[in-house]
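Just below is one structure, and these are the notes that go with it.
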Amino acid sequence: MALNAKTDPNYVPNRINGKFAPGWSGNPGGSLEATRRSFNKDFLLALAADFKKHGAAAIEKVRKTQPAAYMKICALLVPREMKLEHAGGVKAMTEDQIVDAIAAIEGFLARRSGETAKVIEGEAEVVPSLPAPARSTKAS
């Protein structure tokens, strides 16, 4: 059995004239990043296989026995922030786009209420202003 960093972590390969022998790396344990990627890949594959077998049942069990944990998991799946950008608005629309938008809104309202949208025309009535209410003074 050949000794290397995987079988004996304290093993250091021989050097020739201050250089590592051919076929030996200066880092026999491999790179930390590659090890992390390999571990992550193996873990996620094992998790996916387990989820295929037991996922739905596990979710149902957590939902029934620990509803707070279930809701926390659901909340963690929702993005915390959602960035929406609004550019231009009505001011940036052409006249044809505005007419099309009005037609779309009228169609939506018609489907929602079951009848065609109607425009109500008329004039506002002037209502005389009411007098201000009298202030009551409390005796102290």
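Quick note: the coordinates plus some simple rules give every number you see, no bench work behind them. A quick note: this is a predicted structure, and the numbers were derived from the prediction, not measured. Glycine also receives a Cβ, built like all others from the backbone with ideal geometry; neighbour counts cover every protein chain displayed.
At-a-glance table
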quantity	calculated
Förster radius 41 Å - calculated FRET efficiency between SER31 and MET71 (Cβ-Cβ, nearest 0.05)	0.55
Contour minus Cα-Cα distance for ASN40 and ALA124 (0.36 nm per residue)	23.3 nm
Violating pairs (Cα-Cα greater than 31 angstrom) within the set LYS41/LYS72; LYS53/LYS83; LYS19/LYS41	LYS53/LYS83; LYS19/LYS41
Residue-span extension gain [ARG135 to ARG111] - 0.36 nm each, minus C-alpha spacing	3.6 nm
